[in-house]
Structures are given as C-alpha cells and as structure tokens.
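A quick write-up on the structure given underneath.
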Amino acid sequence: MTSRLHFRLEARATGSAARAGVFRTLHNEVLTPLFMPVGTQATVKAQLPQTLEDSGSQILLANTYHLLLRPGLDVFRSMGGIHKFMSWSRSVLTDSGGYQIFSLPHSRSITEEGAVFQSYTDGRTILLSPEVSIGAQVAIGSDIMMALDQCVASTADESVARAALELTNRWAARSLAARGDSPQAMFGIVQGALYPELRRESALGLVEMDFDGFAIGGLAVGEGRSEREDTCAFTAGLLPADKPRYLMGVGTPLDILEAVHRGVDMFDCIIPTQVAQRGGVFTSRGYLQLRRGVYKFSDEKLDPACDCPTCLRYSRAYLHHLTKTRETLGWQLLGKHNIHFYHQLLREIRASIFSDTFLALYEEKRATLHEDDLDNPVLAQVPKKQKRLALGNYEIHTAREGFSSIRHIHSGEIMHSRTPPMEEAQRLYIDQSRLAERLREESLEPLVIWDVGLGAGANAMAAIATFENEPAPGRGLHIISFENDLDSLRLAFRNNDQFRYLRHSGPAAILKEGTWRSKSHPGLSWTLVSGNFLETLGHAPLPPDLIFYDMFSGKTNAEAWTFSAFRRLFESCRGRPVELFTYTCSTASRVALLAAGFHVARGRSTGDKTETTIALTAEAARVDHNLLAADWLAKWHRSTARFPADLPAHEYSAWEEVILRHPQFQHLSAPPKPV
C-alpha cells in the first residue's frame, strides 16, 4: 500500500522496541520519535508560534470539532488553510473530534451515521460524521488527518468496547473514502479498551486499509500506568513497522519514555502547558512546583541543565513570584520551558537510538523523571503539639502528613482522613466530573452543582477555583450547598491558616448571608440551603447538572444512604442528564442507588478506597462510564450487605427482581444467580 508520508525507519535500539525514523509531510521533514504540542483552537495556550518553532516543534495538534464551530470552515477556506491563519510554517495534525464524542457525553448522541452534538457557540445541532469530519479537516488544511473514531473508557465493559471498535473500523473505511484524492495523510485509530483480543481485532481490520500511519487510542482514560504500558506494548506490536505509530493523549515525560521503549513514534498531550498554568515544571532535577515558598529567594536558574530562553534569563524567585500572583507571563515562561524540556528529551532519546545506548538512557531517565525536586525535597512535617481547636461537635484533626481536616467528635469520623481536603475534592469531584471542560461549553444557562454535605467547604471551593482558573468560561457556574450544621465550616474558617483554601470572599459571605456572587468573575455564584437535606432539597433554586454527594457515612448519618433518600434525589433529577459523584463504594449504597432509578458506575480510587461511585440518570448513562455489570452482580449475590438498611426483610425477594431487571443489566445474556 502507498503512503503519503514516505516513512523511513532509520534505527532500532538493541533490547528494546524503541525506534527512530523520518517522514515527510506537505510542509516539512519530521524526525521521530517526537512530541506534538496541543493547539486545540489553532493556538498552543500562552505560547507564540515563533517560540514553538524555536523550541523545535515539528508538528502542532489542532482539533477539528472546536475549529468547525469557531472560527468555522469558511474562515479557513478564505485564509487558505490553518498554516496561514495561525502563521505556522511547519506541520499540523488535526484530531477528528472523536475525543469530544467521549469527553462531551452530556451534549451528544451516537448513531451509525455519526455523533450529534449541540454547538456550544450558538446551540445549533451538528452531525459529526466521518464525511463531515474529513471534509472539515480538508478545509482546515492539516498535514495529517485522523479518521473519526469512538473512544470509550479504557475500563469499559467488553461489550461496550467491542461495539465501539466495530463502529470505529466502519467509520475508518468511510473516512478514507471521504479523503478522496487529497494529498493530506491520514491515520487510523486502534480501539479496544484493555482487551487484547479486541485490540488485535481492531488493528487487523485497520491495517488492511490504506492508512499512512496508525494511532493507539483509548488510553489515559481511566486505566492504571501498568495497564496502559502493557496495552501500548501489545498494540504497537500489532502495527506495521514501516508506518508511524502515534499514542494519543499521553502524557508525562515518563509516560513518553516508557511508550518509546514499547515502539511508539509520536505523542501529544496538554500537560506541558496545563501544569505550567499551575506553576509546575519538569526539569533535570525533578518536577518543581513553583508555588512552594522554598523558591521565594532562589536566584538559581529554573533548570541547571537547560538552555531554553526561560532558564537562560529568569530566576526561580521571579518565576515563583509570577506563579503566586497568577500572572499570565508566568504561565507563558513555564510553558515555554516545559515544551523545550519535552523536545529535548525526545532529541536525547533519538540520539541514543542511533548510538545504540537507549537502554542506558532509559534506565537513567526512568529513575529521575518521576521524582519531585531532588534538591529541595518535599518533606512531611511533624505537627507540633497544639491546643485542641473545637466548635460544637467538630474539632480540627492534623494528619501525620501535616495537613488539617475536620473530625466529627461524637462519631470520630474524619473528613478527608488520608488525603488533603482540596486534593481529594479535585480528584474525586472536579476532575472526575470534567468540570473545567464543561465550563468551556458555550451556554446561556449556568452549570449547576448540588454540593450535598457542605462540611468544611472543600468541594465547593475546588469548584470555584476551577471556574476562576478558566481563562474564558463559556457558561456560568452556580453552586448550591446543602448543610444542616455550619459549625464545621465556621471552625475551619476561623482557623484558615490551616485551611488556606477558605481565604476567599465566598465562605465569609456564605456564613454571614447564605449567598455569594463573585465580583471579579461574572457568572459565578454560590447559595446555601440550610437544614436537613431530605427536607430542604425542594428549596433549591435550580435543578442540578452535577451532584457532589459528600455526606457523613452511614454509621454517622444513616438516613442519607437509604433507598428513600436516593429515590427522592432521583425524582429531583428525573428527565435530566445528571451525574452524581460520591466517595463510597459500599454494596448497600450502590444497590439503593440502582433501585432508586440511577445507573451506577465505578468511580476512580481515592485515599484508601480502590473505587468510588458514580450514579447517573438514564439521560447521562448513554455515555461510556464503567457501569457495574456481571462481575458486580456476582459480588452482590455473595454480599452480607445486599440491601439498604431501611428495607424490611420481607421485601428482599422483590428487590432482587428490581435490581436484576434494571435497564443497566439488560444487555447481560443471563444475569448471575445467587451462589
């Protein structure tokens, strides 16, 4: 089969699948392995095109879905394509929009024809089919186009993963046909989640088609590091040696090193600029977080082994200052360094493959790329003995790791006992709900979060920080917090030297007036609904889009985890695409949610829990969540806590039928019977 890229493999590493090659696009020669900075909307955030060129960027990635909506294809046709439009003389790769099919589940539906979206710019309905996607990429004028695919969570059930890969392969054939005689190259995308046989089936189908290269999709979307590495190695081994291999959306410098070792040539990820916005940088001395006070008086260069413009000119002290004051220049300078660091790492890897010293470099880099600052290690502080700080039925608890949280005196239950409050809030609620991405959607209606169990305010403040850190939110955010005892928030607020996230105008206003509206960030507001949640949920001014369910456990607050509680909550969500996130993974809570009408999925791990829980209305469950399936039903049958505490024993049999007949389990050919 012919190739528009004329890829040539130049060297292989001994004892590794690492390889170096070269190919030619419509705009430049490209040396592999390489990293492609992400410029979703025809710009890499906070970076100038000239800066990217100077750093050694060979290809930039842009996104078809976003560019289709804004500025629109007529602009690209008028301007003569994306290169002239953004003043970029080297290559551009366009993603097809397949990731948006995965990441915007609440605003799309999928058919054989394609994915139907509601535009976040003007609300119109758009069909993103293979033909529309490729037509758009032709108009944009990228050097490498991606076939439209359906990405699912890597941990999806096998039946879901199979359906997605089969649809992806059918769309791949349509994408190739839609290209016609365009000189642009095109890659097919291998799907199949974590199932080797599905990956094999996907790859075998795609390599029979006339693609110029192949991408490994569906990773970095829920799996662990070892699972990702094993799946990457297995999939890369299925792909032709004479065409480039691209691992989509991955990752950290260590992720890239490991993937090169497994035979991958091309990478993209938002991490270099994303962490830079928050003060994070990758250096030869480990990962530095410039917010740390240890850099306040440091006149050292950022990275002693780096010759990028940031390191040659600016001190750590100045970069620390820019980060703390949230100046855009700090984001720009740190992003410039991170991109340079990525490119330099790939240049070193390429050179080591040619000199056949890759394995030595691999072992050296592998030992340091995952480390924090080697010169200023983050040490756990031994807390000093202090007087007991308490209010009502709450007291401040200081963990061995040095962070503070709130303890319920009567029950002994600690909010966030193993993980700092804001860190857990970010991981469990903010990241998992894809809050930042939802806020970028254009909508006249605000996104509404029900924060059930305000506690010491960490979840609400994490949501507020997400909105405030978003450069240009497309919609407003309204948080509605439910709480019957404000003493925990009052205690934390009075001791905000230990709860620094409360150093904000929001908590003060909530405690004083029960409402707050941001003056500096239009569209951001917060309301308190006081009293017992089950008695006051009808008082909420707006229905929810997201629910952060963070009540005390069933031992302390049994009422909050019953079937009747979840049934009332479900009735408040009926007919809307609502997602609920909670820290529990108990069988009794999950079965109560199922019986109440929710679909239930496994959530990510946090603290000492290997799983948490996501509950979804039917309208939200059309997407790929890791829904409970046959293995969970088998576990449920063996459980000693099969039913909620508020269920009479004589109703157990009827309840079992309710669960087995739940729409979530209807795809199972034969639901497991009790053992």
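Does Tyr394 meet the test of being under 25 Å from the mean Cα position of the chain (by Cα) and under 27 Å from Thr515 (Cβ atoms)?
no
Kindly indicate the residue of the range 623-645 that is touching a His at 6+ places or on another chain (Cβ under 9 Å) and under 20 Å from Arg438 (Cβ atoms) and also modelled with the highest pLDDT among those meeting that condition.
Here the answer is His625.
Counting only residues that are within 25 Å of Glu413 (Cα to Cα) and touching a Ser or Thr at 6+ places or on another chain (Cβ under 7 Å), how many does the range 443-480 have?
6
Residue by residue through the range 246-284, note down the ones that are in a strand (DSSP E or B), farther than 18 Å from Ser154 by Cβ and of a type outside the set (A, V, I, L, M).
Gly280, Phe282, Thr283
Go through Gly135, Gly72, Gly81 for me and flag whichever is without any contact (Cβ under 8 Å) to a residue 40 or more places away in the chain and small (Gly, Ala, Ser).
Exactly one of Gly135, Gly72, Gly81 is without any contact (Cβ under 8 Å) to a residue 40 or more places away in the chain and small (Gly, Ala, Ser), namely Gly72.
For the range 568-592, give me each residue that is modelled with pLDDT of 95 or more, among the aliphatic types (A, V, I, L, M) and either closer than 18 Å to Val658 by Cβ or in a strand (DSSP E or B) (or both).
Hits for the range 568-592 are Leu569, Leu580.
Do you know which residues across the range 105-137 are modelled with pLDDT of 95 or more and hydrophobic (A, V, I, L, M, F, W, C)?
Result: Val132, Ile134, Ala136.
When you go through (1) of a type outside the set (Asp, Glu); (2) surrounded by 14 or more Cβ atoms within 10 Å (Cβ to Cβ); (3) more than 30 Å from Arg574 (Cβ to Cβ); (4) out of contact with any Phe, Trp or Tyr (no Cβ under 8 Å at 6 or more places or on another chain) one by one for Leu491, which number turns out not to apply?
Failed condition: (4).
Does the range 285-326 hold any residues that are among the small types (Gly, Ala, Ser) and either touching a Cys at 6+ places or on another chain (Cβ under 9 Å) or assigned to a strand (DSSP E or B) (or both), and which are they?
Within the range 285-326, Gly286, Ala305, Ser315 qualify.
All but one of (1) assigned to a loop (DSSP other than H, G, I, E, B); (2) at pLDDT 90 or above; (3) in contact with a Lys or Arg (Cβ under 6 Å, 6 or more places away or on another chain) hold for Ser433, so report the exception by its number.
(3)
For the range 393-416, which residues satisfy the criterion of being surrounded by 16 or more Cβ atoms within 10 Å (Cβ to Cβ) and farther than 12 Å from Ala456 by Cα?
Within the range 393-416, His397, Thr398, Ala399, Phe403 qualify.
I need every pair where a residue in the range 164-189 that is in contact (Cβ under 8 Å) with a residue 60 or more places away in the chain has its Cβ under 8 Å from the Cβ of a residue that is among the aromatic types (Phe, Trp, Tyr) and in a helix (DSSP H, G or I), sequence separation at least 6 or different chains.
Qualifying pairs under 8 Å: none.
Only one of (1) assigned to a helix (DSSP H, G or I); (2) in contact with a Phe, Trp or Tyr (Cβ under 7 Å, 6 or more places away or on another chain); (3) at pLDDT 85 or above fails for Tyr652. Which number is that?
Failing condition for Tyr652: (3).
Given the structure, is Ala177 surrounded by fewer than 20 Cβ atoms within 10 Å (Cβ to Cβ), assigned to a helix (DSSP H, G or I) and either in contact with a strand residue (DSSP E or B) (Cβ under 7 Å, 6 or more places away or on another chain) or not aromatic (Phe, Trp, Tyr) (or both)?
yes
If you scan the range 438-473, which residues turn out to be among the hydrophobic types (A, V, I, L, M, F, W, C) and closer than 22 Å to Lys45 by Cβ?
Selection gives Leu439, Leu447, Ala462, Ala463, Ile464, Ala465, Phe467, Ala472.
Among the candidates Thr32, Thr40, which residue alone is at pLDDT below 95 and under 31 Å from the mean Cα position of the chain (by Cα)?
Only one candidate qualifies: Thr40.
What helices (runs of 4 or more DSSP H) lie completely within the range 479-567 and have 1 or more residues being at pLDDT 95 or above?
It comes to 487-494, 505-513.
If the Cβ limit is 6 Å and pairs must be 6+ apart or interchain, which residue in the range 9-35 that is in contact (Cβ under 8 Å) with a residue 12 or more places away in the chain and buried (at least 21 other Cβ atoms within 10 Å of the Cβ) pairs with which residue that is part of a strand (DSSP E or B) and acidic (Asp, Glu)?
Qualifying pairs under 6 Å: Ala20/Glu10; Gly21/Glu10.
Return the total of residues in the range 315-332 being touching a residue at least 24 places away in the same chain (Cβ under 8 Å), among the hydrophobic types (A, V, I, L, M, F, W, C) and touching a Ser or Thr at 6+ places or on another chain (Cβ under 6 Å).
Counting residues in the range 315-332 that are touching a residue at least 24 places away in the same chain (Cβ under 8 Å), among the hydrophobic types (A, V, I, L, M, F, W, C) and touching a Ser or Thr at 6+ places or on another chain (Cβ under 6 Å) gives 0.
Listed here are the residues, each with its yes/no results for (1) surrounded by fewer than 18 Cβ atoms within 10 Å (Cβ to Cβ); (2) free of Cβ contacts under 8 Å to residues at least 40 places away in the same chain; (3) within 16 Å of Gly188 (Cα to Cα).
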| position | (1), (2), (3) |
| --- | --- |
| Ser226 | yes, yes, no |
| Arg245 | no, yes, yes |
| Val260 | no, no, no |
| Gly263 | no, no, no |
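Take Gly249 and decide whether it is within 26 Å of Ser433 (Cβ to Cβ), without any contact (Cβ under 8 Å) to a residue 12 or more places away in the chain and surrounded by fewer than 24 Cβ atoms within 10 Å (Cβ to Cβ).
no
When you scan the range 55-84, how many residues do you find that are surrounded by fewer than 17 Cβ atoms within 10 Å (Cβ to Cβ) and in contact with a Pro (Cβ under 8 Å, 6 or more places away or on another chain)?
Of the residues in that region, 0 qualify.
From (1) modelled with pLDDT of 95 or more; (2) among the acidic types (Asp, Glu); (3) part of a loop (DSSP other than H, G, I, E, B), pick out the condition that doesn't hold for Glu401.
(1)
What helices (runs of 4 or more DSSP H) lie completely within the range 19-116 and have 2 or more residues being among the charged types (D, E, K, R)?
49-55, 73-79
I'd like to know if the range 333-348 contains one or more residues that are outside any helix (DSSP H, G or I) and either in contact with a helix residue (DSSP H, G or I) (Cβ under 9 Å, 6 or more places away or on another chain) or of a type outside the set (Gly, Ala, Ser) (or both).
Within the range 333-348, none of the residues are outside any helix (DSSP H, G or I) and either in contact with a helix residue (DSSP H, G or I) (Cβ under 9 Å, 6 or more places away or on another chain) or of a type outside the set (Gly, Ala, Ser) (or both).
The values are calculated or read from the model by the stated rules, or taken from the named source; none is laboratory data. Note that the structure is a prediction, hence the values are computed from the model and not measured. Cβ coordinates were reconstructed from backbone atoms using ideal geometry, including for glycine residues, and neighbour counts include every protein chain displayed.
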